[in-house]
1. Taking Rh as the Kirkwood radius, which is the inverse of the mean 1/r over Cα pairs, what is the Rg/Rh value for the chain?
2. Whose amide H sits under 5 Å from the amide H of residue 285, counting only residues 5 or more places off or on another chain, with H placed in the peptide plane?
3. Tell me whether the stretch 1-134 comes out rounded, prolate or oblate; compute the Cα gyration tensor, take square roots of the eigenvalues as a ≥ b ≥ c, and use a/c under 1.5 as the rounded threshold.
4. Show me, for the stretch 30-38, the HN-Hα J-couplings you get by feeding each phi into the Karplus relation (A = 6.51, B = -1.76, C = 1.60, θ = phi - 60°), rounded to Hz, glycine and proline as x.
5. Which order do the peptides 61-74, 104-117, 282-295 come out in when sorted by mean C-beta neighbours inside 10 angstrom, highest first?
6. Per residue of the stretch 84-95, in order, report the coupling 6.51 cos²θ - 1.76 cosθ + 1.60 (Karplus, θ = phi - 60°) as ³J(HN,Hα) in whole Hz, putting x for Gly and Pro.
7. To the nearest 20 debye, what is the magnitude of the charge dipole of the chain about its Cα centre, counting +1 on the Cβ of each Lys and Arg and -1 on the Cβ of each Asp and Glu?
8. Using θ = phi - 60° and the Karplus form 6.51 cos²θ - 1.76 cosθ + 1.60, what ³J(HN,Hα) does each residue of the stretch 308-318 get, whole Hz, x for Gly and Pro?
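Rule-based calculations on the coordinates, nothing more; no lab input. Just so you know, these numbers come straight off a predicted model, no measurement behind them. No Cβ is skipped: glycine too gets one built from the backbone with ideal geometry, and neighbour counts run over all protein chains shown.
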Amino acid sequence: MPASKPMKRKRALTSALFISLLILAHVVLVLLYNNVIMTGSRLNRVDHQFHQLTEDLEYLILGDSHAQDGLNPGVLPNGFNFASSGENWVQTYYKLNHILKDTNTKFRTLVLPFDLHSFSSFRSGRFEDLYYWSQYIEFIELGEMTGERYKHLPEIIEGRYFPYFGQGRSFLRLFAGLGKKDTRPLIKGYIGFDEEGKIVPRTRSPEAKKRARRHFKGADPVSENLAVFFKRILKLCNDRGINVVLVKFPVTREYYSAVGELIQIDEVDKEVSRLVPPGSNTRILDFRRLFFDQQELLADVDHLNPKGAEILTKLAFEQFPKKAP
């Protein structure tokens with residue numbers, strides 16, 4: 001029996017109300033993410049501070065959380081830490097390209113992490129915080145490199161229109177700590193690891209194995225895609241006469257051993273070292289085993305705490321290229 005006109009009208013109103021509620025929820029989530037979560041995030045605060053710079057730099061630090069937490073530019077003459085957690089070579093390349101082409105900030109030396117996991121395919125196609133990264137990454141160009149122009153269309157759509165996707169944890173933190181702001185001071189882009197303190201000895205080995213498996217289990221230790229973008233970074237710097245320092249950051253003995261059970265460390269080191277052109281303005285500093293017997297300087301199995309970062313920065317600076325007097 002056909003539905004009556006009042007019944008059709010009721011269904012239409014119900015559908016319209018449901019759609020309106022979905023749109024309202026979408027708008028509220030976008031506004032909350034963009035104007036509250038993202039605005040107050042470490043990622044955005046550092047980005048804002050960098051773009052407020054009015055003077056040129058001697059040292060610019062880019063890369064992932066090892067660089068973000070492991071180098072304190074406060075003890076460097078005229079440095080800035082613009083690294084971010086989870087950043088891969090693709091992201092670093094596009095961020096660097098933006099700095100060189102679209103900002104007035106100049107720098108003489110670029111400092112990057114050169115760690116065991118830096119080229120692992122586990123992070124090759126991993127892009128988080130797309131609302132932020134969509135301002136830097138040319139996703140269409142990235143797709144064209146693999147012959148699939150619109151391969152990253154979902155990332156474009158998510159970054160522009162649905163930035164809250166995959167941000168459940170951020171919203172939980174927001175509602176759990178509503179009204180609390182991160183008041184930790186930024187020192188030239190640097191805050192330091194969130195949790196300072198010693199690793200509990202009995203948890204070192206399990207945590208090290210867990211981290212090592214995350215970085216290498218089932219992954220190619222030297223991703224061809226990441227190697228391509230790493231070489232593009234070096235070319236950008238070489239073409240502009242910018243020095244490059246590649247830092248192998250300290251890790252715990254347990255993490256190093258756990259990684260050694262999954263990959264041939266010496267062979268991987270040789271392979272990635274060959275990516276650096278001979279005679280280039282690039283130098284490699286190896287501090288990987290530096291704190292094997294001083295693990296109180298690490299916040300977890302592969303990140304330095306603020307005290308460790310200060311010590312490492314001073315040691316690394318001794319080997320950094322220096323401005324001629």
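1. 1.05
2. Here the answer is 246, 247, 248, since their amide H atoms fall under 5 Å of that of residue 285.
3. Judged from the Cα gyration tensor, the stretch 1-134 comes out prolate (a/c at least 1.5, a/b above b/c).
4. Karplus-based 3J(HN,Hα) across the stretch 30-38 equals 4, 5, 4, 5, 5, 9, 10, 5, 6 Hz.
5. Peptide ranking by packing, descending: 61-74, 104-117, 282-295.
6. Taking θ as phi minus 60°, the curve returns 8, 4, x, 5, 9, 5, 4, 5, 4, 4, 5, 5 Hz for the stretch 84-95.
7. Dipole magnitude for the chain comes out near 1200 debye.
8. Working through the residues one at a time gives x, 5, 5, 5, 5, 4, 5, 5, 5, 4, 4 Hz.
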